[in-house]
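Asks: Could you have a look at this structure, given as structure tokens, before my questions?
Values quoted throughout were computed directly from the atomic coordinates according to the rules given, and no laboratory measurement underlies them. For clarity, every value in this text was computed on a predicted model and none was experimentally measured. For neighbour counting, all protein chains shown are included, and Cβ atoms are generated from backbone atoms with ideal geometry for every residue, glycine included.
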Amino acid sequence: MSFYPYLVAVWLLVVGAFGIVRSRNLIHAILCLSVSQSGTYVLLLAVGYQWHAKPPVFGEPATHPTAKVVDPVVQAMTLTDIVVSATVTALLLALATQIHKRHGTLDPDELRQLKG
Amino acid sequence: MAPLAVAVPIMVAALIIMVDRRLPRLAIDLLATAGALADVVFTALILHQSASGRVITWSAGWKPVHGLSVGIVLVDDPIGAGIALLAAALVVLALVFSWHYIESEEGHYHCLMLLFLAGMEGFALTGDIFDMFVFFELMGAAAYALTGMKIEDPTSVQGGMNFGIINSLGAYIALMGVGLLYAKTGQLGLPQLGRALAHQPRSELLVAAFVMLMAGFLVKGAMAPFHFWLADAHAVAPSPVCVLFSGVMVPLGVYGAFRVYWAAFPTAIARPDVSRAFLALGVVTAVVGAVMCLEQRNFKRLLAYSTIAHVGLFIVALGLLTSEGVAGAAIYIVSHAGVKAALFLMAGVLLARYGTVDEAELHGRCGDAGLLRWLMPVGGLALACLPPFGTALGKEISEDAGSAAGYLWVPALFVAVSACTGGAVLRVAGRMLFGLGPPPEEGAGQTSGDEEREGEPLRRIPATMAVPILTLLGGALAVGILPGVHAAAENAARIFVDSGGYRNQALFGTAARLPAVHEGGWSLSGVLLGLLSAGLALGVAAVGIWSRPITHHFPRLLDWGRRPLSVLRELHSGHVGDYVAWLMLGLAALGGLLSLPAR
């Protein structure tokens, strides 16, 4: 596997964090958080990937137990990660709608009640 | 037994959601408390068993053959089981306190508390690094929801948002570290990782993975500069939830970081490098927390900063990377949890009675608070490490560990920080409950974020509120008084730092039994240093109460001191973007500290 997926993974993590830093809207910030998390998907899948390998499904005549397959563990981890992400994103978006209802704004620069 | 400790709260939570509408509130309360009590029993049994060797559970019976395994393992040593027991006990007391405190008719709150408990139990008991991430996020998601639970309250949802974004970002950074470790070793279990890394030379990839894991866990552990979310979340979350945040969730973050270090990395990354990084950042955390604590007048926010200061002390004690340091931190964490939880519950009582916990607004108004008039000063002194509270014993052992490692500034730091945080609590108690000092000036407002009172003002303190407070303070006292606590902590700490034993017992079922220590306890210097910090705390409180007339005559002195303080306060801006910037900066700082050549 080449080096590029790892660069992409780190880039996504950093650019997502940068997006939150610069964000003027909490919905945007939450989506930036999802962008950051996409970095972890790319990293995990890149770790388990092999060129010319088959999907990790054994028992078919096509896939002998000794055949080269991509790593199923990281794929399972990525799925778990996606589930976690869905939960957290949904929860944060729900909080964002409440913030909009109560404050009338989603701009973090105008939400200055928690200070000091 | 260990899987039950995770599964039972989840099942009870599901049950509560199912029967929520059909049962009265009292039944829900009893059901939830019973679920948490079951966890107390499970974790106490695990703790008892683990004293004679770690409790190893291979889920679904996928045991290793010749040290090779495809299964997922739970490895429970006394420290892990102990913090799991602490979590379960605090949840029970918080739920009992909530009987009269939380007024909603529905069971969402109880359900979230139990899910939170399940996350904490899983995080403490697992021996698998990816499981740690999953449970980290489970407790995170439950905690964000609990923080933002009062959706009518504007600051509550905002605090939940800041908390959620920072902690999730931390979790993703930790997951990147997990991915890198897996890429390097092909393993996820801590015992297998320890075995794979035992003979690896130090490499940049390993350092990067370590830094990411530490940063991720220490975001929850509120180490500076990752600590900003903590005060916002504590100020707005319901008081019984703060008990869990300060008492056990934040220490669990620290526990996770050091568990991973001791199980997987002790030979892969040079010990002086790691120690230096943690000592440096621990000192910064302690100082920032103590200074900000003195600056607060919202009582809950003040307690939150005191937690940050104490977490700094825990990180210093654990960062010594000796078993004595671990033993001191363990005792300190348990007794701090008792004292801090009791103080948060007192804040809850004040809020339920007077509708605010602002020091200036309540100046002299709480003279009729009954029991609290005595308990709050006691809590302040216990936080300032007055012997024979367990906080003083933990402080003494940590100080001795620091001096033994050649860091003579450690006792001074511990005394100063406990005096500042205890003094701040005593100051608030003196002004609120006894009306000491001049009345506050109008318009000197600086509060930010407050929990809102539920329903009617509380007339008298019901037993379900008083008993948890007394139990918690009594627990903190018992840790200091009971004989054998020191020896037990020392033995547990030796097992915690025994990396070889950890992997050998998990993978091969064999581990050399460590020689047990039987003595230990108070020393004269420890008692004197405890009395010193309690005395200094009284001084800090007195200065806080009566300083205004003095500084009135020296305005320039005041200005000179105020400027750096106001800069520090400006940094705690409540802006989520700023917090993320600090998180990235902290990640870089941790990486830098670990990559610098050792002395």
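Asks: Considering the dipole of the protein assembly as shown built from charges on the beta carbon (Lys and Arg +1, Asp and Glu -1) around the Cα centre, which of B:LEU408, B:VAL576, A:GLN75 is farthest to its positive end?
Replies: So the residue we want is B:LEU408.
Asks: Using alpha carbons only, how many angstrom separate the centre of the stretch B:138-213 from the centre of the stretch B:1-69?
Replies: Using only Cα atoms to place each centre, the spacing works out to 23 Å.
Asks: While we're looking at this one, here's another question. Do any GluC sites (Glu not before Pro) in the stretch B:72-163 lie in a loop, going by DSSP, with at most 16 other beta-carbon atoms within 10 Å of their beta carbon, and if so which?
Replies: Listed in order of number, the matching sites are B:GLU103, B:GLU105, B:GLU106, B:GLU152.
Asks: Sticking with this structure for a sec: Looking at chain B, what % of the alpha carbon pairs are farther apart than 43 Å?
Replies: 14 percent
Asks: Can you give the alpha-carbon Rg of the protein assembly as shown over 2.2 N^0.38 Å, where N counts its residues? Write down the numbers at each step before the final one.
Replies: Details: Rg = 24.5 Å, N = 715, 2.2 N^0.38 = 26.7 Å.
Cα-based Rg divided by the globular estimate yields 0.92.
Asks: With every atom except the alpha carbons ignored, what do you get for Rg and Dmax of the stretch B:4-103, in angstroms?
Replies: Both quantities, over Cα of the stretch B:4-103: 16.8, 56 Å.
Asks: Hey, in the GNM for chain A with a 10 angstrom Cα cutoff, which one of A:GLY59, A:GLY39, A:GLY19 fluctuates hardest?
Replies: Between A:GLY59, A:GLY39, A:GLY19, it is A:GLY59 that shows the largest mean-square fluctuation.
Asks: Would you mind giving the mean number of other chain beta-carbons within 10 Å of the Cβ of each residue in A:22-35, as a whole number?
Replies: 3
Asks: Something else: Can you pull out the chymotrypsin sites (Phe, Trp or Tyr not before Pro) in the stretch A:1-96 whose DSSP state is coil and whose Cβ has at most 10 other Cβ atoms within 10 Å?
Replies: Details: sites: A:PHE3, A:TYR6, A:TRP11, A:PHE18, A:TYR41, A:TYR49, A:TRP51, A:PHE58; in loops: A:PHE3, A:TYR49, A:TRP51, A:PHE58.
Of the chymotrypsin sites (Phe, Trp or Tyr not before Pro), the ones in loops of the stretch A:1-96 whose Cβ has at most 10 other Cβ atoms within 10 Å are A:PHE3, A:TRP51.
Asks: Based only on Cα atoms, what Rg/Rh ratio does the stretch B:58-183 have, Rh being taken as Kirkwood's radius?
Replies: Reported Rg/Rh (Cα atoms, Kirkwood Rh): 1.05.
Asks: Write out the trypsin sites (Lys or Arg not before Pro) in the stretch B:12-59 meeting two conditions: DSSP loop, and at most 13 other Cβ atoms within 10 Å of their Cβ.
Replies: In loop regions of the stretch B:12-59 (DSSP not H, G, I, E or B), the sparsely surrounded trypsin sites (Lys or Arg not before Pro) are B:ARG21, B:ARG22.
Asks: Further, regarding this structure: Going 7 Å from the Cα of A:HIS52 along its beta-carbon direction, which residues of the stretch A:1-22 have the amide nitrogen within less than 19 Å of the resulting point?
Replies: Taking a point 7 Å out along Cα→Cβ of A:HIS52, the residues of the stretch A:1-22 whose backbone N falls under 19 Å are A:1-3.
Asks: Need one value for B:140-148: mean number of C-beta atoms belonging to other chains within 10 Å of its residues' C-beta atoms.
Replies: Per residue, the number of nearby Cβ atoms from other chains is 3 on average.
Asks: Once both labels are modelled 7 Å past Cα along the beta-carbon direction, what's the B:ARG21-A:ASP109 spacing in nm?
Replies: It works out to 4.6 nm between the two label points.
Asks: Averaged across the residues of A:91-103, what count of C-beta atoms belonging to other chains lies within 10 Å of each residue's C-beta?
Replies: 6
Asks: Would you mind working out the magnitude of the charge dipole of chain A relative to its Cα centre, with +1 at each Lys and Arg C-beta and -1 at each Asp and Glu C-beta, to the nearest 20 Debye?
Replies: Details: 8 positive and 6 negative charges, 65 e Å.
Charge dipole, chain A, about its Cα centre: 320 debye, nearest 20.
Asks: Next up: Under 8 Å for C-alpha pairs, at least 6 residues apart: give me the relative contact order for chain B, rounded to a whole percent.
Replies: 16 percent
Asks: Can you compute the charge dipole magnitude of chain B about its Cα centre, using +1 on each Lys and Arg Cβ and -1 on each Asp and Glu Cβ, nothing else charged? Give it in debye, rounded to the nearest 20.
Replies: 840 debye
Asks: Of B:GLY480, B:LEU112, B:ALA233, whose Cα points farthest to the positive end of the dipole of chain B (charges on the beta-carbon: +1 Lys, Arg; -1 Asp, Glu; origin at the Cα centre)?
Replies: Of the listed residues, the answer is B:GLY480.
Asks: Could you tell me the distance between the Cα centroids of the stretch B:371-421 and the stretch B:87-134, to the nearest Å?
Replies: 28 Å
Asks: Here's a follow-up. Using only Cα atoms, what Kirkwood radius does the stretch A:26-95 have, in angstroms? Don't skip to the end; give the middle numbers.
Replies: Working: mean 1/r = 0.0719 Å⁻¹.
Roughly 13.9 Å, rounded to one decimal.
Asks: To continue, here is another question. So how many Lys-Lys pairs in chain B land under 28 Å Cα to Cα, not counting same-chain pairs under 8 apart?
Replies: 11
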